[in-house]
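The values are calculated or read from the model by the stated rules, or taken from the named source; none is laboratory data. Everything quoted here is computed from the prediction, not taken from an experiment. Every residue, glycine as well, gets a Cβ built from its backbone with ideal geometry; the counts of neighbours run over all protein chains shown. To get the accessible areas, we keep the full protein, side chains included, count just its heavy atoms, and leave off ligands, DNA and RNA. Shrake-Rupley method; radii C 1.70, N 1.55, O 1.52, S 1.80 Å.
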Amino acid sequence: MLDILKLVRHNIYKLTPYSSARKIGGMGHVLLNANESPSNLSYELIHKELNRYPEPQPKKVISKYSLYSGVSTDQILVSRGSDEAIDLLIKTFCEPGKDKIITCPPTYDMYDISAQIYGVKNYIIPMLYNWQLDIEKILKFLNKVKIVFICRPNNPTGNLIKKNVIIDLLKLFKSRTLVVIDEAYIEFCIEKTLASFINKYPNLVILRTLSKAFGLAGIRCGFTLANKKIIELLNKVIAPYPISTPVSNIALEALSDSNVKSMKIRVSEINYNRNFLFFELKKLYFVKNIFPSVANYILVRFCSVQKIFEELSRKGIILRNQDSKINLKGCIRISIGSRDECCQLVKELEKMSKYFK
Ligand SMILES: *Cc1c(COP(=O)(O)O)cnc(C)c1O
C-alpha cells in the first residue's frame, strides 16, 4: 500500500502550516483578527479579453505604483500578494540545506514558514524587551546569512524598528546579505518608508501590499521594490502569469489619484480610531499592557487572556490570540475596525470588567 507520508519531503512532513485568520475561522460580526480594512470598496469588474493570458508584469499597474511609491518602474515587481514575494526571495536567493536567513520574532510568521518549505535554516533572534532588534546577536551572523527579514511597522507589536539601526544593518551586510523590509503597514505611517533608500543600498528590498491600507486583501496583489538586478532575478523565478487580468484591472483602479486620496482619508480615520481604542483600553483594570502602535492594529496584554478571548468570540468579536507566540504570553492583537466596531469591542470589555469583579 502507498504510504504517501514516505513520499513527501521530510521538511513538508514536519511543517506546521501558516494558520491564517480565515483558516482559524470563528463566527463573528466584528472581525478584528486579520488587519483588514473595515471598508469594503466597490470596483467595477471589467471582463475584457479573458481568452488571452495577462501581461506577466502589468505595465500600467507598475507605472501607477511607480508614481505612488516614487520608485522607478524597473525597480518594481508585482506578485500574488507580498506572501508570494517572501516565497520568491527565498526561492531565488537561498540554496536549500545550505543558506540561512534571520528572523526576529515576535514577527510575521510567513518568513519562517517559507524558509522551512525550502529547507532553508532560519536563525531566530528574538526582539529585545522594547521590541527593537538584538543587534549584537544579529551581527554575529554577519557572514552567515543570505536574507534578514524585518517587518516595519512590525506585526504584531505595532512599533517601528529604528531607522538608524536598519541603515547600520544595510551598511554592515552590504556585500553579502539582503535586508528585506516588509512595509505591509507603511501607509499608516507613510513618512517612515525606506523606499527611497533602494537607490543607495543595493541590498535593500522592500515589500508592499494592497491588502491592508488599500483595503484589497481579496485580490491578492503585492509589490517588491528593489534595485533592477534583484527585480530581474525575481522575474526569472516568478510564475509565468502571476497576476490575473481582473486583479490588475482592480489594482490599477485602486492606484488612481482619487482612490489613493480616499485611501489616505481612510488611513487617518483608522489612526484616529486606534488612538481612541488605546485610551479606552487603558481604563480597564484587566489590561496589563498596551503597546504603542503606528499601524492598523494594537497588541494588548491582558490578565486571564483565554477567558477574554473566548468571551469576546462568543459575542461575535473575533480577535487574534498571540498567547502562544514567543514573548507574547497573555497578548491579543486587535485590528482597528470602524469606529462602530471599536465601540462594540469597548462596550463588551466594559461589561466583562463588571463581571470579573
Ligand atoms: C498581511 C501581511 C502580509 C501579507 O500580505 P499579502 O500581500 O496579503 O500577501 C505580509 N507581511 C505582513 C507583515 C503582513 O501582516
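Sort out for me the helices (runs of 4 or more DSSP H) sitting completely within the range 109-183 that have 2 or more residues that are hydroxyl-bearing (Ser, Thr, Tyr) and buried (at least 19 other Cβ atoms within 10 Å of the Cβ).
Per the criteria, 110-118.
Return the total of residues in the range 84-120 being within 18 Å of the chain's Cα centre (by Cα), hydrophobic (A, V, I, L, M, F, W, C) and either within 11 Å of the ligand (Cβ to nearest atom) or within 23 Å of Lys229 (Cα to Cα) (or both).
Looking only at that region, the number is 9.
I'm trying to understand the selection: among the residues of the range 1-40, which are modelled with pLDDT of 90 or more and of a type in the set (Lys, Arg)?
Lys6, Arg9, Lys14 - these are the residues of the range 1-40 that are modelled with pLDDT of 90 or more and of a type in the set (Lys, Arg).
State the number of residues belonging to the range 280-305 that are within 25 Å of the chain's Cα centre (by Cα), more than 19 Å from Cys189 (Cβ to Cβ) and open to solvent by 30 Å² or more (accessible area, probe 1.4 Å).
Within the range 280-305, residues that are within 25 Å of the chain's Cα centre (by Cα), more than 19 Å from Cys189 (Cβ to Cβ) and open to solvent by 30 Å² or more (accessible area, probe 1.4 Å) number 2.
Looking only at the range 191-231, which residues are over 16 Å from Asp87 (Cα atoms), away from the ligand (no atom under 16 Å from the Cβ) and not polar (S, T, N, Q)?
Residues of the range 191-231 over 16 Å from Asp87 (Cα atoms): 191-204, 210-219, 227-229.
Subsequent filtering for residues that are away from the ligand (no atom under 16 Å from the Cβ) retains 191, 196-204, 227-229.
Glu191, Phe197, Ile198, Lys200, Tyr201, Pro202, Leu204, Lys228, Lys229, listed by residue number.
Considering only residues that are of a type in the set (A, V, I, L, M) and either more than 14 Å from the ligand (Cβ to nearest atom) or out of contact with any Gly (no Cβ under 8 Å at 6 or more places or on another chain) (or both), which ones fall in the range 63-83?
Of everything in the range 63-83, those that are of a type in the set (A, V, I, L, M) and either more than 14 Å from the ligand (Cβ to nearest atom) or out of contact with any Gly (no Cβ under 8 Å at 6 or more places or on another chain) (or both) turn out to be Leu67, Val71, Ile76, Leu77.
For Val71, all conditions in the list (1) closer than 27 Å to Ser335 by Cβ; (2) among the hydrophobic types (A, V, I, L, M, F, W, C); (3) open to solvent by less than 60 Å² (accessible area, probe 1.4 Å) hold save one; what is the number of the exception?
That leaves (1) as the condition not met.
Report those helices (runs of 4 or more DSSP H) wholly inside the range 1-46 carrying at least 3 residues which are exposed (fewer than 10 other Cβ atoms within 10 Å of the Cβ). Outline the logic, then answer.
Details: elements: 4-7, 10-14, 21-24.
Helices (runs of 4 or more DSSP H) meeting the threshold: 4-7.
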